[in-house]
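The values are calculated or read from the model by the stated rules, or taken from the named source; none is laboratory data. Model, not experiment: these values are computed from the prediction. So basically every Cβ, Gly included, is an ideal-geometry build from the backbone, and we count neighbours across all protein chains shown.
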Amino acid sequence: MSVFLQGLYEGIINGSILALIAMGIALVWGVMNILSFSQGEFLMLGMFVSYYANRLLGLDPIVAMPLSALVLFVLGIIIYKLIIARALRGPILSQRLITFALSMVLVYSAQLFFGAEYKTLSNPVKFSGTIDLGFLTIAKQKLVPFLLALIVAGLLFWFLRYTRMGKAIQATSMDRYAAGLVGINPDRAYTISFALASAVAGAAGCALTYYYYLYPNVGATFQLWGFIAVAMGGFGSITGAFLSGLLMGIADTLTGLYVNTAIKYIGVCVVFLVTVSFRPKGIFGK
Amino acid sequence: MLKVEHVKTGYDGVPVVHNASLQVEQGSIVALVGSNGSGKTSLLRAVTGALPIMRGDILYKGQSIAGVKSFKLVEMGISMVPEGRHLFGKMSVRDNLLMGAYSVRDKGEIEKRLQSIYKLLPRVEERQRQQADTLSGGEQQMVAIARGLMSKPELLILDEPSLGLMPKLVTEIFEFIQRIKDSGVTVIIVEQNAVATLEMSDYAYVMQNGETVLEGTGQALLADEQVKKAYLGG
Ligand SMILES: Nc1ncnc2c1ncn2[C@@H]1O[C@H](COP(=O)(O)OP(=O)(O)OP(=O)(O)O)[C@@H](O)[C@H]1O
Ligand SMILES: [Mg+2]
């Protein structure tokens, strides 16, 4: 039993990072119909912010998190204005593939600036230790991604539903033309959505550095699983992305635990295939 | 109030309106009629900042608004109810109306406008909790106009407000537009229902192949042989 619980817990933690990536992808897709292939690279950049904040300033990832979110938010705005906004005026295929090219550029830039070797936080972190519940041992650091995923999901929900900007984003996602006609600046709604998604990935990257190594290509796997989570949750559904991310983390960890670590990804794929064969548009797909 | 001067506009660099001019006096209803594909919608889109002005100019209260984006025009007092309604389908009727007042920040003011719209259109109030894309066509059209009014425009542009509605509803919509005009709002209207529209209008323009080719008071155009032949089925 306790092995199962431990596995479940680890699965939820791993799934939290996927959930965070997936929520960003779902937000961007839902609002502007762009597949955000660069979400994993924003995660990677968030990890580097955390790494350098730790190495140069001795900060814990939790403390560096607002900084990382801010840096990635600003970077998101710049990338949207310089690249995405232009691509949106072009043919549909370049709209779909633009973030793919962007992710390549980000990976190789990171390699150029930060080096390709694997890194872990160099200074000791203060937020550490374990909580022993008897039936379950919780590493405090690993709570961070899960709490972050919960908070982000809650904040996104609140933001989109109750704030003026959030409503403008929703309206723009339903009908960009009509949004302009009622006085919303659709381009601004797009910019904020893209930047928010990238900020979420930045914060997730911070959380990840507590227990994961970083290198320029670290985002690729998370990106791929993030996409699958979005497809499973129903494209554009943030709640769906959140739940599927967690579910995939659990499937992944439990398969590794009970079947074989070598084939643990198969568990995720089976869950995915089963889900889409019953609900082709995903759990929350319409 | 609005002056369109020799405007050329189109899509992706291909012009569909070649030379359109019109003038709208404050407090009047001006109609734009013409056969399908003559460029009425495109011209309105150019006026409301959704299409580029390739040549000519658009003056609003004496100021050029060529190239000004839609969302800015709303704050300047121009509101457009587009062809095809374009409601926010997954939002409730009420939320659609609230979005119409997006540029207003004062909550009390927004509520006041909402109530005065509900008074004008009790049927919209009955449906306020319903999701917009589940409304009937006529109801959707009413909501689209109501949403356009929520920004308290000085100039209201209506593109085919009676499209696809049964005759009784068409009459109702026309009466409603008349009341909007009586409240002091300037109206530009595009309509297939040429007779009823011309009867209601103070002034009208006829478009053909992307050009404004005829103009006159509604009554004069109704009597015009050319117009009768082409648009009034006689
Ligand atoms: N999005 C678009 N892209 C390219 N061409 C377009 C587009 N929309 C309209 N057109 C073309 O522009 C021309 C004018 O169309 P427009 O919609 O302005 O006419 P209209 O007078 O409003 O017609 P209707 O009475 O049918 O609404 C048509 O030839 C049409 O095919
Ligand atoms: Mg039209």
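Quick one: how many residues across the range B:157-167 are more than 16 Å from ligand 2 (Cβ to nearest atom) and more than 15 Å from B:Thr197 (Cα to Cα)?
1
Got a sec? Which of B:Gln219, B:Gln140 is farther than 19 Å from B:Gln23 by Cα, away from ligand 2 (no atom under 16 Å from the Cβ) and assigned to a helix (DSSP H, G or I)?
Working: B:Gln219 fails: farther than 19 Å from B:Gln23 by Cα.
Result: B:Gln140 is the single residue among B:Gln219, B:Gln140 that is farther than 19 Å from B:Gln23 by Cα, away from ligand 2 (no atom under 16 Å from the Cβ) and assigned to a helix (DSSP H, G or I).
For the residues B:Ile117, B:Ile78, B:Ile65, the requirement of being away from ligand 2 (no atom under 16 Å from the Cβ), surrounded by 17 or more Cβ atoms within 10 Å (Cβ to Cβ) and farther than 29 Å from B:Glu175 by Cβ singles out B:Ile65. The single condition among (1) without any contact (Cβ under 8 Å) to a residue 40 or more places away in the chain; (2) facing another protein chain (nearest Cβ under 8 Å) that B:Met142 does not meet is (2). Close contacts from the range A:244-255, counting a first residue that is touching a residue at least 60 places away in the same chain (Cβ under 8 Å) and within 7 Å of A:Gly11 (Cβ to Cβ) and a second that is part of a helix (DSSP H, G or I) and among the hydroxyl-bearing types (Ser, Thr, Tyr), with Cβ to Cβ under 9 Å and a gap of 6+ residues or different chains, come to A:Gly249/A:Ser16; A:Asp252/A:Tyr265; A:Thr253/A:Tyr9. Right, A:Gly202: without any contact (Cβ under 8 Å) to a residue 24 or more places away in the chain and in a helix (DSSP H, G or I) or not? The answer is no for A:Gly202. Considering every residue within the range B:164-183, establish whether at least one is in contact with a Leu (Cβ under 6 Å, 6 or more places away or on another chain), more than 14 Å from chain A (Cβ to nearest Cβ), away from ligand 1 (no atom under 16 Å from the Cβ) and part of a loop (DSSP other than H, G, I, E, B). The answer is no, given that none of the residues of the range B:164-183 is in contact with a Leu (Cβ under 6 Å, 6 or more places away or on another chain), more than 14 Å from chain A (Cβ to nearest Cβ), away from ligand 1 (no atom under 16 Å from the Cβ) and part of a loop (DSSP other than H, G, I, E, B). Where helices (runs of 4 or more DSSP H) fall entirely within the range B:1-115, those with at least 1 residues that are within 16 Å of ligand 1 (Cβ to nearest atom) and either assigned by TED's automatic domain parsing to the domain that holds B:Arg129 or in contact with a strand residue (DSSP E or B) (Cβ under 6 Å, 6 or more places away or on another chain) (or both) are at B:40-47.
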